[in-house]
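Contents: one structure, followed by commentary.
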Amino acid sequence: MKISTKGRYGLRALIDLVINSENESVTLKAISERQEISERYLEQIFSLLRKASIIIGRKGAQGGYTLAKSTQEITIGEILRALEGESFLIDINDEKCNDIESFINNNLWSEINTKINNYFNSITLKEFVEKYKSEKEEIIYYI
């Protein structure tokens, strides 16, 4: 499975949004500058996230984006599905399968697909952001 830049940038942008929001909206321009991602590309990503009810956009002087739900209610799987569609290592099509191929599909590829999706669904945005913050705090700078 390959996660595209849309999925990778989307995760970066959402982590940035969570870290920098603190009960305020965050603008795409601010995320774009901090993450060095094109603002136009972020507009496309945030449009998909808005359609998936992961974020809410507000217009006006105090405009920007906030999460539509709490970070503990949003999973990495939900984010990646909104941006990438279903995540499958191998698309299984049993229409033209012989017995051995059908066996492999049901006992290997299907299980791998399930494990990948279960893994992404098991991680909340809250856990991911907390892990990022704790790893960032562990970095010690020596002069």
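Our Cα-only numbers for the chain put the radius of gyration and Dmax at 18.4, 65 Å. Dipole check for the chain: with +1 at the C-beta of Lys and Arg, -1 at the C-beta of Asp and Glu, and the Cα centre as origin, the magnitude is about 620 Debye. One chain, two ends: THR27 and LYS133. Fully extended at 0.36 nm per residue, the span grows by 36.0 nm beyond their Cα-Cα distance.
For the chain, the 222 nm mean residue ellipticity estimated from helices alone, with every DSSP H stretch of n ≥ 4 adding -39500 (n - 2.57) and the total spread over all residues, rounds to -17000 deg cm²/dmol. Think of the chain as having a plus end and a minus end, set by charges on the Cβ of Lys, Arg, Asp and Glu; of SER134, ILE79, ALA68, ALA68 sits farthest toward the positive end of this dipole. Taking all protein chains together, ARG81, ARG40 sort by accessible area into ARG40, ARG81, largest first [probe 1.4 Å].
The GNM of the chain, with springs linking C-alpha atoms under 10 angstrom apart, assigns the highest mean-square fluctuation among PHE120, PHE46, PHE103 to PHE103.
Expressed as a rounded percentage, what relative contact order does the chain have, with Cα pairs under 8 Å and six or more residues apart? Could the numbers behind the result be given before it?
Working: 146 pairs, mean separation 36.6, N = 143.
For the chain, the relative contact order is 26 percent.
If I stretch the segment between CYS97 and SER38 completely, what's the gain in nm (0.36 nm per residue apart, minus their alpha carbon distance), one decimal? If you can, show how the numbers build up before the last one.
Values: separation 59, 0.36 × 59 = 21.24 nm, distance 4.39 nm.
My answer for the length gained is 16.9 nm.
Extension gain for LYS115-GLN62 works out to 14.9 nm (0.36 nm per residue, less the C-alpha to C-alpha distance). Largest mean-square fluctuation among GLU111, GLU101, GLU130, in a Gaussian network model of the chain whose springs join Cα atoms under 10 Å apart, belongs to GLU101.
The values are calculated or read from the model by the stated rules, or taken from the named source; none is laboratory data. Keep in mind the model is a prediction, meaning the values are calculated, not measured. Because the Cβ atoms are built from the backbone with ideal geometry, glycine has one as well, and the counts that use them run over all protein chains shown. Note: accessible area is taken over every heavy atom of the protein model, side chains too, but ligands, DNA and RNA are not part of it. Shrake-Rupley method; radii C 1.70, N 1.55, O 1.52, S 1.80 Å.
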